[in-house]
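The values are calculated or read from the model by the stated rules, or taken from the named source; none is laboratory data. Nothing here was measured: the structure is a model prediction, and the numbers come from that model. Backbone-built Cβ (ideal geometry, glycine too); neighbour counts: all protein chains shown. Accessible surface areas use protein heavy atoms only, side chains included; no ligands, DNA or RNA. Shrake-Rupley method; radii C 1.70, N 1.55, O 1.52, S 1.80 Å.
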Amino acid sequence: TGVLVAMPEEGRALVDAMRLEDRLEHGRREFLFGDLWGERTAVVIARCGKVAAATTATELIVRFGVETIICTGVAGGVGEGVAIGDVVVADELVQHDLDPRPLWPRHIVPLLETGSFPVDAPLSDRIAAAASDHADAGAGGRVHRGLIVSGDQFIHGPAMARAIREALPTTLAVEMEGAAVAQVCYEYGVRCAVFRTISDRADEDAAADFTGSLGAFAASHTLGILSGVLGSGGA
């Protein structure tokens with residue numbers, strides 16, 4: 001299993017929990033290999049953005065033979081009722097900033113003829129159940145299932161968030177990596193799941209809320225949820 005996060009703060013708790021066996025620097029990234037709750041796991045900080053995420057996912061699959069990728073970290077909540085501290089588990093992912101019109105419809109990846117990338121449903125079900133258990137155990141927050149969208153923008157104002165909702169009305173959360181990871185997994189036939197802790201509401205307070213959430217609860221949410229998934233028999 002490969003676990004991909006964008007920022008060091010999102011992955012630090014996982015690395016601390018891992019029984020580290022090996023590490024490799026490649027492509028200006030550090031890949032950490034070891035045991036997480038009995039599961040052979042690779043953890044990597046991809047850096048922010050779709051290109052960084054896609055490159056990292058491809059490396060995990062092609063170079064290291066990963067069969068499942070879980071992309072996690074934080075996101076901005078744009079769906080109604082999606083609050084800071086909640087968890088969103090993706091059922092599908094779309095690149096909200098992809099627009100090849102008039103050659104192809106908006107959001108469609110040219111030559112793939114799709115713009116909505118699926119996740120592995122059984123794995124996502126297990127993540128959602130683990131997230132609910134984690135919330136019930138005192139972490140708080142609600143668990144949502146649905147559309148997560150990705151783009152090479154940090155969404156930080158009402159007009160930006162509104163534009164995403166108008167184009168993709170069922171969007172629950174917005175971030176910068178998940179749809180790119182999902183597309184790579186789709187093309188390689190590798191299982192994929194994406195879940196995000198809501199760090200901000202993609203509004204004018206987003207930057208401050210994002211920074212505060214990284215240290216306050218985002219990493220602990222990821223750790224608690226993944227321990228329920230990997231520790232219950234592996235991904």
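Report yes if some residue within region 51-63 is in contact with a Cys (Cβ under 9 Å, 6 or more places away or on another chain), in a strand (DSSP E or B) and closer than 27 Å to residue 96 by Cβ; otherwise report no. Scanning region 51-63 turns up no residue that is in contact with a Cys (Cβ under 9 Å, 6 or more places away or on another chain), in a strand (DSSP E or B) and closer than 27 Å to residue 96 by Cβ.
Between 133, 120, 152, the distinction of being within 19 Å of residue 220 (Cβ to Cβ) and of a type in the set (Asp, Glu) belongs to 133 only. Apart from one condition, residue 99 fits all of (1) over 30 Å from residue 26 (Cα atoms); (2) in contact with a Leu (Cβ under 7 Å, 6 or more places away or on another chain); the exception is (2).
Quick one: count up the residues across region 11-33 that are more than 21 Å from the chain's Cα centre (by Cα) and over 13 Å from residue 46 (Cα atoms). Result for region 11-33: 6.
Do we have residue 232 as of a type outside the set (Asp, Glu) and modelled with pLDDT under 95 here?
yes
Restricting to region 53-70, name every residue that is over 14 Å from residue 41 (Cβ atoms) and crowded, with 24+ Cβ neighbours inside 10 Å. Answer for region 53-70, where residues must be over 14 Å from residue 41 (Cβ atoms) and crowded, with 24+ Cβ neighbours inside 10 Å: 53, 56, 57. The set of residues in region 64-97 that are of a type in the set (Asp, Glu) and assigned to a strand (DSSP E or B) comprises 91, 92.
The set of residues in region 19-50 being under 24 Å from residue 119 (Cβ atoms), outside any strand (DSSP E or B) and open to solvent by less than 50 Å² (accessible area, probe 1.4 Å) consists of 46, 49, 50. Elements of the type strands (runs of 3 or more DSSP E) sitting completely within region 98-188 and holding at least 2 residues that are buried (at least 23 other Cβ atoms within 10 Å of the Cβ) and at pLDDT 95 or above: these cover 143-150, 171-175.
Before we move on, is residue 88 closer than 24 Å to residue 217 by Cα and open to solvent by 10 Å² or more (accessible area, probe 1.4 Å)?
No; evaluated as a whole, the condition is false for this residue.
For region 202-217, filtered to residues that are assigned to a loop (DSSP other than H, G, I, E, B) and either closer than 20 Å to residue 11 by Cβ or not hydrophobic (A, V, I, L, M, F, W, C) (or both), the residue that is most open to solvent (accessible area, probe 1.4 Å) is 204.
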